[in-house]
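To start, the structure itself, in structure tokens.
Nothing in this text is a laboratory measurement; each read-out follows from the coordinates by a stated rule. Bear in mind that the values here come from a model prediction, so they are computed numbers and not experimental data. Don't worry about glycine lacking a Cβ; one is built from the backbone with ideal geometry, like all the others, and counts go over all protein chains shown.
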Amino acid sequence: MSKRPFTLAEGQPVSDPSVSTTLPVYGSGGITTLGDTLLIETLAHFNRERIPERVVHAKAAGAWGEFEVTNDISSLTSAKFLNGVGKKTPVLFRLSTTGGEKGSADTVRDVRGFSVKFYTEEGNHDIVGNHIPVFFVRDPVRFPSLNRSHKKHPATNRPDWTMFWDFHVNQPESVHALMHLFGSRGIPDSIRRVTGFGVHTFKLVAADGRFRYCKFHFRPTQSITHFSGQEATRLAGANADFHNQDLWDAISRGQFPVWKLYVQVMEPEQAETYGRALFDITKVWPHKDFPLIEVGKMSLNKNPANYFAEIEQAAFSPSNMVPGIAMTPDPMLQARMFAYPDAQRYRLGVNYTQLPSNRAICPVYAPFERDGMATMTRNYGGDPNYVRSTLSPGSPSQIISDVRHTERIERNASLGQNEILVDDEDYIQPRELWNKVFDEAEKRQWVANVSQTLEDVPVQLREAVTAMFSKVDPRIGQLMVSKASTNAHL
Ligand code: HEM
């Protein structure tokens with residue numbers, strides 16, 4: 001590394017940044033002064049080093065990479081980054097736990113966030129998904145409560161299983177996500193081998209304006225593996241940043257992790273009679289009905305040169321969509337489209353889109369969003385800052401297809417409460433997971449994983465949890481009861 005002279009932040013030379021200036025007195029004492037800009041700048045900047053951490057998904061690893069189309073889907077979408085075999089697009093990837101703070105351990109049982117920013121010629125497209133295919137709630141107003149119940153208790157400042165289960169037994173639409181969370185996938189052993197699900201239903205819009213509903217899936221090319229609870233707990237103490245290290249070291253060694261991207265596609269005609277699993281993110285679309293269609297592969301090939309600048313300041317949002325991919329009437333998705341940029345304006349400032357990780361690689365001309373704290377661009381110079389000006393150099397963009405709201409509003413629809421009551425349908429997919437996907441060993445481990453969390457929970461709540469899972473399959477309840485009595489005898 002070539003040497004360069006130290007300076008202050010505005011370039012003035014500094015002879016030694018490790019020595020402040022004092023007016024010496026006897027002994028080794030001295031009087032510091034407001035005139036010591038080096039000292040003041042150093043202390044003042046240190047005091048402002050922290051920015052608000054993400055309110056959820058605060059602990060993460062990240063890396064740069066590339067996406068390459070391996071199967072042309074231009075008949076499904078006009079999105080240029082998904083068209084033409086061999087087409088390459090740079091990406092930024094971030095993999096997080098959900099509940100823990102920025103300094104928390106990697107190897108905990110939790111849902112992993114799976115974020116990818118594609119820097120396309122039509123602007124940034126983000127997939128901000130999870131490593132399990134379903135989510136806990138389907139009404140966005142419950143999201144803050146869901147997360148509070150998984151985080152620390154307001155009095156004890158510790159995670160609290162009573163709070164956790166109290167939330168879930170009263171919002172049992174989460175039962176499907178809980179089945180996944182307490183299965184072996186709940187503790188991945190490496191970031192390089194996790195699945196990534198877009199979870200929501202989106203629209204793919206073709207150049208001719210036809211649309212289909214779709215779901216996005218990333219699958220690692222290596223097989224999916226996990227830690228035992230014991231090993232994960234040991235590592236959480238021995239190396240709290242285990243997953244960060246594993247990803248970093250693999251990329252440094254040139255062992256670049258690879259995922260394949262797939263879509264599931266549903267025709268709008270099918271959708272009209274498909275029922276609520278169409279937009280309900282507590283449900284999956286079965287692969288046998290909607291097979292995976294390969295789209296491309298993503299590989300991660302470069303570690304960040306600076307974690308704070310590149311990963312902490314990254315701003316992923318489901319609202320970042322390019323033409324050819326559109327939103328749907330999933331209230332969770334729409335709420336997220338508000339929540340992320342809102343969180344980022346708070347966390348990173350109103351001009352966060354100008355930060356290197358968030359900057360589009362295509363030309364950006366948004367002269368009606370200017371000024372504000374920390375403007376880093378030339379701020380559109382003297383261009384008109386009001387719309388409809390004949391003096392403006394701006395011109396309408398040619399958008400091939402933009403199908404936002406194609407769904408018919410129900411006849412006689414009226415504004416009302418969104419609650420979709422939990423009924424038998426909510427237990428069907430969790431039951432299939434239990435009966436068709438979990439083998440006997442997985443079933444027993446699942447019961448052990450849940451039972452462990454119930455040991456200090458009040459009896460009534462424990463019974464409510466057992467009752468909730470018994471609705472998935474009565475055998476779960478029986479196993480939980482027998483596990484509880486074994487634990488009580490130990
Ligand atoms: C109404 C529901 C939801 C709300 C209001 C919400 C809100 C948020 C907020 C405010 C952040 C922090 C963003 C930031 O500071 O940059 C965040 C992060 C995140 N959320 Fe959600 N979320 C919701 C549901 C979901 C769902 C369903 C998924 C997965 C499909 C998800 C995945 C993520 C991920 C991966 C991150 C981390 C993004 C990153 O890597 O920076 N969230 N969420």
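In a DSSP loop and with at most 11 other Cβ atoms within 10 Å, there are no GluC sites (Glu not before Pro) in the stretch 113-187.
How much FRET efficiency would the formula 1/(1 + (r/R0)^6) give for Y386 and E49, where r is the Cβ-Cβ distance and R0 is 56 Å, rounded to 0.05?
Working: r = 38 Å, r/R0 = 0.68.
E between Y386 and E49, to the nearest 0.05, is 0.90.
Simple spin-label estimate for R347 and T42 gives 3.2 nm between the two label positions (7 Å along the Cα-to-Cβ direction from each Cα).
Computed from the alpha carbon atoms alone, the convex hull of the chain holds 226 Å³ per residue.
With N as its number of residues, the stretch 20-176 has a Cα radius of gyration that, divided by 2.2 N^0.38 Å, comes to 1.61. Taking the empirical scaling 2.2 N^0.38 Å for compact globular proteins as reference, the stretch 427-488 has a Cα radius of gyration ratio of 1.07. Distance between the C-alpha centres of the stretch 56-72 and the stretch 432-460: 32 Å, rounded to the whole angstrom. Determine which residues of the stretch 257-278 fall in the zone a paramagnetic label at R411 would reach in this model, i.e. backbone nitrogen under 18 Å from the point 7 Å along Cα→Cβ. 272-273, by backbone N distance to the label point.
If R0 is taken as 56 Å, the Cβ-Cβ distance between F308 and R475 corresponds to a FRET efficiency of 0.70. Loop-located GluC sites (Glu not before Pro) in the stretch 1-51 (DSSP state other than H, G, I, E, B) with a sparse environment of at most 10 neighbouring Cβ atoms within 10 Å: E10, E49. Where only DSSP H runs of four or more residues are counted, the chain gives -8500 deg cm²/dmol as its mean residue ellipticity at 222 nm, each run worth -39500 (n - 2.57). Here the stretch 65-146 is treated as a sphere whose radius is the Kirkwood value from Cα pairs; by Stokes-Einstein at 25 °C and 0.890 mPa s it diffuses with a coefficient of 162 µm²/s.
Bridgeable lysines around K297 (alpha carbons under 25 Å apart, same-chain partners fewer than 8 residues away excluded): K80, K87, K88, K117, K203, K215, K260, K288. By the count of other C-beta atoms within 10 Å, a proxy for reagent exposure, V137, V205, V387 are ordered fewest to most as V387, V137, V205.
Are there trypsin sites (Lys or Arg not before Pro) in the stretch 266-356 that DSSP puts in a loop and that have at most 13 other Cβ atoms within 10 Å, and which ones?
Working: sites: R276, K283, K288, K297, K302, R336, R345, R347; in loops: K283, K288.
Counting only loop positions with at most 13 other Cβ atoms within 10 Å, the trypsin sites (Lys or Arg not before Pro) in the stretch 266-356 are K288.
Residue exposure proxy: S20, S482, S2, S174, ordered by other Cβ atoms within 10 angstrom of their Cβ from fewest to most, comes out as S2, S482, S20, S174. If the label point is 7 Å along Cα→Cβ of D139, which residues in the stretch 416-432 have backbone nitrogen under 11 Å from it? Answer for the stretch 416-432: 417-422.
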